[in-house]
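What follows is a short report on a single structure.
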Amino acid sequence: MRRIAGVVGGIAVVAALLVGCGSAPPPSGAELWRAEISNAIPEATSDWEREILERSAEQGFISDEDFAYAEQMYLQCMADRGVPLTKTIDPVTGGRTYATEAMEPGPLNDAVPEIQRECSIANGIGVRSLYASMRKNPDFRDPDELMAECLAREGLVDAGYSGEDFDRDMTSGSSPYDLDSVEFRRCIENPSGA
(Lines give C-alpha, C1' and ligand atoms only; values in the text may rest on other atoms or scores of the structure.)
Protein backbone atom coordinates (compact mmCIF):
# COMPACT_ATOMS: atom_id res chain seq x y z
CA MET A 1 0.00 0.00 0.00
CA ARG A 2 2.86 2.33 0.84
CA ARG A 3 4.41 1.65 -2.57
CA ILE A 4 1.17 2.65 -4.39
CA ALA A 5 0.94 5.84 -2.34
CA GLY A 6 4.57 6.62 -3.18
CA VAL A 7 3.97 6.09 -6.91
CA VAL A 8 0.82 8.19 -6.87
CA GLY A 9 2.59 10.90 -4.87
CA GLY A 10 5.53 10.83 -7.31
CA ILE A 11 3.21 11.14 -10.31
CA ALA A 12 1.49 14.11 -8.67
CA VAL A 13 4.85 15.84 -8.08
CA VAL A 14 5.98 15.23 -11.68
CA ALA A 15 2.63 16.44 -13.04
CA ALA A 16 2.83 19.58 -10.91
CA LEU A 17 6.36 20.26 -12.15
CA LEU A 18 5.36 19.73 -15.78
CA VAL A 19 2.39 22.03 -15.46
CA GLY A 20 4.51 24.64 -13.69
CA CYS A 21 7.30 24.47 -16.25
CA GLY A 22 5.14 24.34 -19.33
CA SER A 23 2.52 26.85 -18.39
CA ALA A 24 2.45 30.07 -20.30
CA PRO A 25 0.28 33.03 -19.50
CA PRO A 26 -3.11 32.83 -21.15
CA PRO A 27 -3.42 34.77 -24.41
CA SER A 28 -4.62 38.35 -24.13
CA GLY A 29 -7.90 39.57 -25.53
CA ALA A 30 -6.00 41.31 -28.32
CA GLU A 31 -4.25 38.07 -29.25
CA LEU A 32 -7.53 36.16 -29.27
CA TRP A 33 -9.24 38.83 -31.39
CA ARG A 34 -6.29 38.81 -33.79
CA ALA A 35 -6.82 35.06 -34.22
CA GLU A 36 -10.58 35.54 -34.75
CA ILE A 37 -9.94 38.18 -37.40
CA SER A 38 -7.38 35.94 -39.12
CA ASN A 39 -9.89 33.07 -39.11
CA ALA A 40 -12.44 35.30 -40.86
CA ILE A 41 -10.16 36.18 -43.79
CA PRO A 42 -10.99 33.06 -45.86
CA GLU A 43 -14.70 33.84 -45.45
CA ALA A 44 -14.38 37.35 -46.95
CA THR A 45 -16.78 37.86 -49.85
CA SER A 46 -14.96 40.72 -51.57
CA ASP A 47 -11.45 42.00 -52.13
CA TRP A 48 -12.06 45.09 -49.98
CA GLU A 49 -13.37 42.97 -47.09
CA ARG A 50 -10.35 40.68 -47.36
CA GLU A 51 -8.02 43.72 -47.32
CA ILE A 52 -9.73 45.14 -44.24
CA LEU A 53 -9.53 41.80 -42.42
CA GLU A 54 -5.87 41.29 -43.35
CA ARG A 55 -4.99 44.80 -42.18
CA SER A 56 -7.05 44.33 -39.02
CA ALA A 57 -5.39 40.99 -38.25
CA GLU A 58 -2.00 42.70 -38.40
CA GLN A 59 -3.05 45.57 -36.15
CA GLY A 60 -5.18 43.40 -33.84
CA PHE A 61 -8.44 45.34 -34.19
CA ILE A 62 -10.94 46.63 -36.72
CA SER A 63 -10.74 50.41 -36.95
CA ASP A 64 -13.73 52.72 -36.77
CA GLU A 65 -12.95 53.81 -40.33
CA ASP A 66 -12.95 50.24 -41.67
CA PHE A 67 -16.23 49.52 -39.91
CA ALA A 68 -17.74 52.73 -41.32
CA TYR A 69 -16.65 51.70 -44.84
CA ALA A 70 -18.21 48.23 -44.49
CA GLU A 71 -21.37 49.74 -43.06
CA GLN A 72 -21.60 52.25 -45.92
CA MET A 73 -21.13 49.47 -48.50
CA TYR A 74 -24.02 47.55 -46.90
CA LEU A 75 -26.26 50.62 -46.82
CA GLN A 76 -25.39 51.43 -50.45
CA CYS A 77 -26.21 47.89 -51.55
CA MET A 78 -29.61 48.15 -49.87
CA ALA A 79 -30.30 51.53 -51.53
CA ASP A 80 -29.17 50.19 -54.92
CA ARG A 81 -31.66 47.33 -54.53
CA GLY A 82 -34.51 49.78 -53.85
CA VAL A 83 -34.58 49.41 -50.08
CA PRO A 84 -32.89 52.44 -48.51
CA LEU A 85 -32.21 52.09 -44.80
CA THR A 86 -32.17 54.73 -42.11
CA LYS A 87 -29.50 54.21 -39.45
CA THR A 88 -30.35 55.18 -35.88
CA ILE A 89 -28.09 55.06 -32.85
CA ASP A 90 -29.90 54.90 -29.52
CA PRO A 91 -28.47 57.71 -27.37
CA VAL A 92 -29.04 55.73 -24.16
CA THR A 93 -27.82 52.24 -25.06
CA GLY A 94 -25.59 52.99 -28.05
CA GLY A 95 -27.46 50.34 -30.02
CA ARG A 96 -27.43 50.69 -33.79
CA THR A 97 -30.57 49.91 -35.79
CA TYR A 98 -31.34 50.02 -39.50
CA ALA A 99 -34.91 50.53 -40.60
CA THR A 100 -36.66 50.67 -43.94
CA GLU A 101 -39.27 53.23 -44.72
CA ALA A 102 -42.85 52.03 -44.83
CA MET A 103 -43.36 50.13 -48.07
CA GLU A 104 -46.46 49.20 -49.99
CA PRO A 105 -47.29 45.49 -49.92
CA GLY A 106 -45.88 43.77 -52.96
CA PRO A 107 -42.93 41.87 -54.39
CA LEU A 108 -40.25 44.34 -53.24
CA ASN A 109 -41.63 44.44 -49.70
CA ASP A 110 -41.75 40.64 -49.66
CA ALA A 111 -38.14 40.48 -50.88
CA VAL A 112 -36.70 42.78 -48.17
CA PRO A 113 -35.45 39.97 -45.86
CA GLU A 114 -33.66 38.25 -48.74
CA ILE A 115 -32.21 41.54 -50.01
CA GLN A 116 -30.94 42.32 -46.50
CA ARG A 117 -29.35 38.89 -46.24
CA GLU A 118 -27.70 39.16 -49.67
CA CYS A 119 -26.42 42.71 -49.08
CA SER A 120 -25.14 41.82 -45.65
CA ILE A 121 -23.23 38.75 -46.82
CA ALA A 122 -21.82 40.51 -49.87
CA ASN A 123 -20.81 43.66 -48.03
CA GLY A 124 -18.59 43.08 -45.05
CA ILE A 125 -20.65 41.02 -42.65
CA GLY A 126 -17.41 39.65 -41.19
CA VAL A 127 -16.00 43.12 -40.62
CA ARG A 128 -19.22 44.47 -39.15
CA SER A 129 -19.93 41.54 -36.85
CA LEU A 130 -16.34 41.28 -35.58
CA TYR A 131 -16.24 45.03 -34.97
CA ALA A 132 -19.44 44.86 -32.91
CA SER A 133 -18.20 41.84 -30.96
CA MET A 134 -14.86 43.50 -30.24
CA ARG A 135 -16.59 46.66 -29.01
CA LYS A 136 -18.84 44.64 -26.70
CA ASN A 137 -16.09 42.35 -25.41
CA PRO A 138 -12.62 43.86 -25.96
CA ASP A 139 -10.92 41.44 -23.56
CA PHE A 140 -12.50 38.34 -25.20
CA ARG A 141 -14.09 37.24 -21.93
CA ASP A 142 -16.94 34.79 -21.41
CA PRO A 143 -20.01 36.68 -22.73
CA ASP A 144 -22.34 35.25 -20.07
CA GLU A 145 -19.99 36.39 -17.28
CA LEU A 146 -19.79 39.85 -18.86
CA MET A 147 -23.57 40.08 -18.97
CA ALA A 148 -23.89 38.94 -15.34
CA GLU A 149 -21.39 41.58 -14.22
CA CYS A 150 -23.15 44.27 -16.25
CA LEU A 151 -26.57 43.34 -14.89
CA ALA A 152 -25.16 43.61 -11.36
CA ARG A 153 -23.56 47.00 -12.19
CA GLU A 154 -26.91 48.20 -13.52
CA GLY A 155 -28.64 47.09 -10.32
CA LEU A 156 -30.81 44.46 -12.00
CA VAL A 157 -29.37 41.50 -10.04
CA ASP A 158 -27.37 40.91 -6.88
CA ALA A 159 -23.57 40.93 -7.01
CA GLY A 160 -23.37 37.12 -6.75
CA TYR A 161 -25.28 36.62 -10.00
CA SER A 162 -23.09 34.53 -12.34
CA GLY A 163 -22.74 33.80 -16.01
CA GLU A 164 -24.34 30.42 -15.35
CA ASP A 165 -27.29 32.22 -13.76
CA PHE A 166 -27.61 34.45 -16.82
CA ASP A 167 -27.46 31.48 -19.20
CA ARG A 168 -30.08 29.63 -17.16
CA ASP A 169 -32.39 32.66 -17.12
CA MET A 170 -32.06 33.21 -20.87
CA THR A 171 -32.62 29.56 -21.81
CA SER A 172 -35.52 29.09 -19.37
CA GLY A 173 -37.39 32.10 -20.71
CA SER A 174 -37.94 33.56 -17.26
CA SER A 175 -35.59 36.15 -15.88
CA PRO A 176 -35.63 38.19 -12.67
CA TYR A 177 -35.30 41.44 -14.64
CA ASP A 178 -37.19 43.25 -17.37
CA LEU A 179 -35.71 42.35 -20.77
CA ASP A 180 -37.13 45.58 -22.20
CA SER A 181 -35.58 47.84 -19.56
CA VAL A 182 -33.01 50.44 -20.55
CA GLU A 183 -30.53 48.85 -18.15
CA PHE A 184 -30.86 45.43 -19.78
CA ARG A 185 -30.65 46.90 -23.29
CA ARG A 186 -27.56 48.85 -22.26
CA CYS A 187 -25.95 45.57 -21.11
CA ILE A 188 -26.89 43.82 -24.36
CA GLU A 189 -25.28 46.61 -26.38
CA ASN A 190 -22.19 47.06 -24.23
CA PRO A 191 -21.78 44.42 -21.51
CA SER A 192 -18.15 45.34 -20.80
CA GLY A 193 -18.99 48.99 -20.24
CA ALA A 194 -16.05 49.89 -22.50
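The values are calculated or read from the model by the stated rules, or taken from the named source; none is laboratory data. These numbers were taken from a predicted model, which means no experiment stands behind them. Positions of Cβ are backbone-derived with ideal geometry, glycine not excepted, and every protein chain shown enters the neighbour counts. Heads up: the accessible areas ignore ligands, DNA and RNA and are worked out on the full protein's heavy atoms, side chains in. Shrake-Rupley method; radii C 1.70, N 1.55, O 1.52, S 1.80 Å.
One line per residue, one yes/no per condition, for (1) surrounded by 14 or more Cβ atoms within 10 Å (Cβ to Cβ); (2) in a loop (DSSP other than H, G, I, E, B); (3) β-branched (Val, Ile, Thr):
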{"position": "ALA132", "(1), (2), (3)": "yes, no, no"}
{"position": "ARG135", "(1), (2), (3)": "yes, no, no"}
{"position": "ARG141", "(1), (2), (3)": "yes, yes, no"}
{"position": "ALA148", "(1), (2), (3)": "yes, no, no"}
{"position": "GLY155", "(1), (2), (3)": "no, yes, no"}
{"position": "GLY160", "(1), (2), (3)": "no, yes, no"}
{"position": "THR171", "(1), (2), (3)": "no, no, yes"}
{"position": "ASP180", "(1), (2), (3)": "no, yes, no"}
Over the range 67-102, the set of residues more than 20 Å from the chain's Cα centre (by Cα), part of a loop (DSSP other than H, G, I, E, B) and not hydrophobic (A, V, I, L, M, F, W, C) is ARG81, GLY82, PRO84, PRO91, GLU101
Hey, any hits in the range 58-69 for a residue that's open to solvent by less than 70 Å² (accessible area, probe 1.4 Å) and either among the acidic types (Asp, Glu) or farther than 23 Å from ALA194 by Cα (or both)? yes
I'd like the full set of residues that are at pLDDT below 90 and either open to solvent by 30 Å² or more (accessible area, probe 1.4 Å) or small (Gly, Ala, Ser) (or both), limited to the range 112-121. PRO113
I'm trying to understand the selection: among the residues of the range 70-91, which are open to solvent by 30 Å² or more (accessible area, probe 1.4 Å) and of a type in the set (Val, Ile, Thr)? THR86, THR88, ILE89
Checking ASN109 against (1) at pLDDT 90 or above; (2) in a helix (DSSP H, G or I); (3) open to solvent by 50 Å² or more (accessible area, probe 1.4 Å), only one condition comes out false. Which one? (1)
Lone unmet requirement of (1) hydrophobic (A, V, I, L, M, F, W, C); (2) over 25 Å from PHE67 (Cβ atoms); (3) touching a residue at least 60 places away in the same chain (Cβ under 8 Å) for LEU151: (3)
Based on this model, can you work out whether PRO25 counts as within 26 Å of TYR131 (Cα to Cα), in a loop (DSSP other than H, G, I, E, B) and either open to solvent by 70 Å² or more (accessible area, probe 1.4 Å) or modelled with pLDDT under 95 (or both)? yes
Exactly one of GLU145, GLU118, GLU101, GLU183 is out of contact with any Ser or Thr (no Cβ under 8 Å at 6 or more places or on another chain), more than 25 Å from LEU53 (Cα to Cα) and not small (Gly, Ala, Ser), and that residue is GLU183
